[in-house]
1. Can you tell me which residue within the range 32-59, out of those that are open to solvent by 40 Å² or more (accessible area, probe 1.4 Å) and under 17 Å from Leu7 (Cα atoms), is modelled with the lowest pLDDT?
2. So for the range 1-17 (the condition being over 11 Å from the mean Cα position of the chain (by Cα), exposed (fewer than 12 other Cβ atoms within 10 Å of the Cβ), at pLDDT 90 or above and at positive phi), does at least one residue qualify?
Amino acid sequence: MRAARALIGLSQAELARRAGVSIPTVKRCESDSERAPAVSAGTQDKIRAVLEADGVEFTNGNHPGVRLRRP
């Protein structure tokens with residue numbers, strides 16, 4: 001999520017506002033820490049939807065990561 005947000009130059013605050021979640025929720029979603037409370041799948045879906053609407057494509061398979069969708 002952090003890489004996707006950085007790819008399109010979106011701040012945590014703006015992503016949180018557009019997804020309808022709190023900034024700490026975005027931070028937890030981006031955290032690699034096992035100590036951070038889990039973010040629900042529904043909340044992750046909200047955040048992902050904002051990123052995808054801005055052109056982010058989540059990849060998987062042999063090359064997990066993110067990239068900008070081609071026009």
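The values are calculated or read from the model by the stated rules, or taken from the named source; none is laboratory data. What you see is a predicted model, and the numbers here were worked out from it, not measured in a lab. Neighbour counts run over all protein chains shown; Cβ positions are idealised from the backbone, glycine included. Note: accessible area is taken over every heavy atom of the protein model, side chains too, but ligands, DNA and RNA are not part of it. Shrake-Rupley method; radii C 1.70, N 1.55, O 1.52, S 1.80 Å.
1. Among residues in the range 32-59 that are open to solvent by 40 Å² or more (accessible area, probe 1.4 Å) and under 17 Å from Leu7 (Cα atoms), the one modelled with the lowest pLDDT is Phe58.
2. yes
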